[in-house]
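Derivation of every value follows stated rules applied to the coordinates shown; laboratory data play no part. The structure presented is a predicted model; accordingly, all values stated were derived computationally and were not measured. Neighbour counts run over all protein chains shown; Cβ positions are idealised from the backbone, glycine included.
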Amino acid sequence: MQLVSIGGAVFGAWCHLLVDGDARCVVVDAGAGVAAEVAGLVAARRVRPTAVLATHGHADHTWDAAQLADAWDVPVVLHAADAYRLRDPFGTLGVLGSAPHDPRGPLAEALASVGRDPASYRPPSRVETFGAVDDDPTPDVELYLGGVHLVARHAPGHTEGSTLYLTELDDGTPLALTGDVLFAGTIGRTDLPGGDERRMARTLTEVVRGLDPGTVVVPGHGPTSTMGRELRTNPFLLG
């Protein structure tokens, strides 16, 4: 698998393309302002998208998902516990969301900075989910998206449906797209709607610490790291 990352302008969220050896790809975390660049990369590489994934349902990771998925006639895929967020990107983001007609809201201001009308949001027409709303956590789910293979590992705490996507790079190096669960040197916040400090602590102990130390950690914001480095230096993983 090859990884191509695109920096998003809204809250600095990353968008990723995972491209397999058969010229198929999935897009992970299509936040606002990335659609044109993603579409250009897909066309330039002559790859076929099979799905648009979301590590969780926050708007900075999903705003352009409908535009891309509907254009390619592919589903938006995420954990069932976060699917409701696609219907209300502002209200489910709490203090960062505000209302779409309120230009003072952080999300509305960030959208305006990349030329997105906050009132223009529409949910994707095709949504496919895995897991169950009441699972805590969901067992690993093998995703085969038009031949692209990933493991979805439920990691609640930042949101109810936060998920790590696990795969291997072409050289065999394990890769984890961690969304807003694990960052280089820190972890995701738990004070937004659906966040839970207790569940995050359990995720860190039972899910994150168990990743292979050689895993490349690619978070939803900030720099890339490795699991070995995080186990040695991240204060939330020590002890």
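Residues within the reach of a label modelled at VAL141 (point 7 angstrom out along Cα to beta-carbon, backbone nitrogen below 16 Å), restricted to the range 62-76, are 75-76. With the gyration tensor restricted to C-alpha atoms of the range 135-236, the semi-axes of the equivalent ellipsoid amount to 20, 17, 11 Å, longest first. If you look at the Cα atoms of the range 1-102, you get an Rg and a Dmax of 13.5, 45 Å.
Translational diffusion coefficient, Stokes-Einstein: compute it for the chain using the Kirkwood radius over C-alpha pairs as Rh, at 37 °C and 0.692 mPa s, and state it as an integer in µm² s⁻¹.
The Stokes-Einstein estimate is 186 µm²/s.
Assuming a viscosity of 1.002 mPa s and a temperature of 20 °C, what translational diffusion coefficient in µm² per second does Stokes-Einstein assign to the range 101-182, Rh being the Kirkwood radius over Cα pairs? The estimated diffusion coefficient comes to 138 µm²/s. Dividing the summed helix terms, -39500 (n - 2.57) for each DSSP H run of n ≥ 4, by the number of residues in the chain produces a 222 nm estimate of -4500 deg cm²/dmol to the nearest 500.
Determine which residues of the range 36-63 fall in the zone a paramagnetic label at ARG126 would reach in this model, i.e. backbone nitrogen under 14 Å from the point 7 Å along Cα→Cβ. So the set is 48-53.
Only one residue of THR138, THR205, VAL19 has its Cα farthest out toward the positive end of the dipole of the chain, where Lys and Arg carry +1 and Asp and Glu -1 on Cβ, and that residue is VAL19. With a Förster radius of 35 Å applied to the beta-carbon distance between THR186 and HIS149, the computed FRET efficiency rounds to 0.70.
Sorting check: for 220-233, 177-190, which peptide has the highest mean count of neighbouring beta carbons within 10 Å, and how do the rest follow? Write down the numbers at each step before the final one.
On the way: 220-233: 17.0, 177-190: 22.2.
Taking the mean over residues of other Cβ atoms within 10 Å, the ranking is 177-190, 220-233.
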